[in-house]
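Peer 1: One structure, as structure tokens, below. Some questions next.
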Amino acid sequence: MSRFTLSRRSMLMGAAAAGATLAAPSVLRAQSSRVIVGAWGGDYERLLKSAVNPKTQESGVDLVIDTGNATSRKTKMITALRVGGGAMDVSCLSNSDMHQMSVAGALKQVDELDLTRQDKIFPQFAKPYSIPHIYSAMTIIYDRSQVDTPPTSIKDLWTEEYLGKVGFSDILFNYYLVIAAATFGKNGNDFAAAKAAYDEYKKKSGGVRVYSSNEAIANAFNAKEIKATIMWKARAFQWRKAGLDLVAVAPSEGALPVVFEAGCTSFASNVKGAAVTLDAMLDPELQLKFAEAMGYLPTVSDAPIPEKMREDLGFTDAERENFILPDLDYIAKEQSETLVWWNQSFKA
């Protein structure tokens, strides 16, 4: 799983990366009914094409999926704000990344879009600048075949059994700081305590295992390089389907929820089509398809979740009440300093 005001340097760096996409918007816009959706690849892209696109086509809207990671997507959005042109109509990002883009002025307000399913959104997930699509929460995931004492707390990963055997995903550093801050500090904003805890872990274990992506974590489990990770519960569901003997547990300190959201960009060329797309992403049947395939839970009140799916993917009332709620403004403010620490200290 950050709001921030992008620095001039960040914007200039982004301009070069996204220039090619912005250079020929007319090519992308051969048909006015097309909607450019910036999103992740893999299963997410597949489901946008196989489930969401047929739904939007009923309203005459055809989706064109522009895949990439969140960093490249945010760069395109900021560049479009600077130089003009519609790099994308709909952007899909995590709640922290989406907040950054809202602060930067890259998103329209949801109330401007006249959505038909806005009233079905769970109130705790409602945002003025985006719709919640799917959600999960950060938990401890461990390999049952390698573990003698199953962890119940983040602090358990700092014990002898797990030292040097915890895998960290490079793209989740912000979330790692929040969950460690809530564990070792006064609250989820105590990044100083979190950094000290991670530095202690690195010193005691003689190094850290940081992997380039969440998928690389799965490969590390498969190769028995790691015993545990801190990761979205949905990933445990996916990886169990792939044959790994993994268990996800909500840590006693609290699980850290993440919502993957979608928003209409402020520079969209097809605003009406973007609204159709967002409505389709809130369709209860389509949300269940994402849950069945990816393990992320629906965000609307009329999606009937089967009991077995609820057991596999969901959280108890007590676990939800114990969720660590991230301060997205604080995460955004600390973004640059956090990234420097992560790259130059923890990973070094």
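The values are calculated or read from the model by the stated rules, or taken from the named source; none is laboratory data. The structure presented is a predicted model; accordingly, all values stated were derived computationally and were not measured. Note: ideal-geometry Cβ built from the backbone for every residue, glycine included; neighbour counts use all protein chains shown.
Peer 1: With the structure loaded, tell me whether Glu307 is of a type in the set (D, E, K, R), modelled with pLDDT of 95 or more and over 21 Å from Ala51 (Cα atoms) or whether it fails that test.
Peer 2: no
Rundown of residues vs (1) basic (Lys, Arg); (2) surrounded by fewer than 20 Cβ atoms within 10 Å (Cβ to Cβ); (3) over 16 Å from Ile171 (Cα atoms), yes/no style:
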site: Ala193; (1), (2), (3): no, yes, yes
site: Glu200; (1), (2), (3): no, yes, yes
site: Arg209; (1), (2), (3): yes, yes, no
site: Ser213; (1), (2), (3): no, yes, no
site: Ile217; (1), (2), (3): no, no, no
site: Lys227; (1), (2), (3): yes, no, yes
site: Phe237; (1), (2), (3): no, no, yes
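Peer 1: Scanning for something within 16 Å of the chain's Cα centre (by Cα), part of a strand (DSSP E or B) and closer than 21 Å to Leu115 by Cα, does region 263-284 turn up at least one residue?
Peer 2: yes
Peer 1: Same structure again: Which one of these does Ser266 not meet: (1) outside the structural domain of Asn174 (by TED's automatic domain parsing); (2) farther than 19 Å from Asn95 by Cβ; (3) surrounded by fewer than 24 Cβ atoms within 10 Å (Cβ to Cβ)?
Peer 2: Failed condition: (2).
Peer 1: Anything in region 52-70 that is of a type in the set (Ser, Thr, Tyr), closer than 18 Å to Val271 by Cβ and surrounded by fewer than 21 Cβ atoms within 10 Å (Cβ to Cβ)? List them, or say none.
Peer 2: Ser59
Peer 1: Of the residues that sit in region 166-188 and are touching a Ser or Thr at 6+ places or on another chain (Cβ under 8 Å) and more than 19 Å from Lys333 (Cβ to Cβ), which one is modelled with the lowest pLDDT?
Peer 2: Only one residue fits best here, namely Ile171.
Peer 1: Another question, then. Name the one entry in Gly60, Gly86, Gly105, Gly164 that is over 30 Å from Gln287 (Cα atoms) and among the small types (Gly, Ala, Ser).
Peer 2: Within the list Gly60, Gly86, Gly105, Gly164, the selection yields Gly164.
Peer 1: Quick one: would you say Glu285 is surrounded by fewer than 24 Cβ atoms within 10 Å (Cβ to Cβ) and within 28 Å of Val64 (Cβ to Cβ)?
Peer 2: For Glu285, the condition - surrounded by fewer than 24 Cβ atoms within 10 Å (Cβ to Cβ) and within 28 Å of Val64 (Cβ to Cβ) - is met.
Peer 1: Name the pairs whose Cβ atoms lie under 8 Å apart, with the first residue in region 280-299 and more than 20 Å from Ala242 (Cβ to Cβ) and assigned by TED's automatic domain parsing to the domain that holds Glu45, the second hydroxyl-bearing (Ser, Thr, Tyr) and assigned to a helix (DSSP H, G or I), and 6 or more positions between them or separate chains?
Peer 2: So the pair list comes out as Ala280/Thr56.
Peer 1: Separate question: Looking only at residues in region 251-262 that are part of a loop (DSSP other than H, G, I, E, B) and not aliphatic (A, V, I, L, M), which one is farthest from Ser102 (Cα to Cα)?
Peer 2: Ser252
Peer 1: Can you find, within region 107-136, the residue that is farthest from Ala242 (Cα to Cα) among those that are small (Gly, Ala, Ser) and buried (at least 23 other Cβ atoms within 10 Å of the Cβ)?
Peer 2: Ser130
Peer 1: In addition: When you look at Arg73, is it in the same structural domain as Thr116 (by TED's automatic domain parsing), at pLDDT below 95 and closer than 16 Å to Thr265 by Cα, yes or no?
Peer 2: no
Peer 1: Considering Leu63, Leu115, which residue is in contact with a helix residue (DSSP H, G or I) (Cβ under 6 Å, 6 or more places away or on another chain) and part of a loop (DSSP other than H, G, I, E, B)?
Peer 2: After applying the criteria, what remains is Leu115.
Peer 1: Something else about it: Output the number of the condition that Lys241 fails; it satisfies all remaining conditions of (1) within 28 Å of Asn219 (Cβ to Cβ); (2) under 18 Å from the mean Cα position of the chain (by Cα).
Peer 2: Result: Lys241 fails condition (2) only.
Peer 1: Another question about this same structure. Here are the criteria: (1) in contact with a Ser or Thr (Cβ under 9 Å, 6 or more places away or on another chain); (2) assigned to a loop (DSSP other than H, G, I, E, B); (3) modelled with pLDDT of 95 or more; (4) among the hydroxyl-bearing types (Ser, Thr, Tyr). Tell me which single one Tyr142 does not satisfy.
Peer 2: (2)
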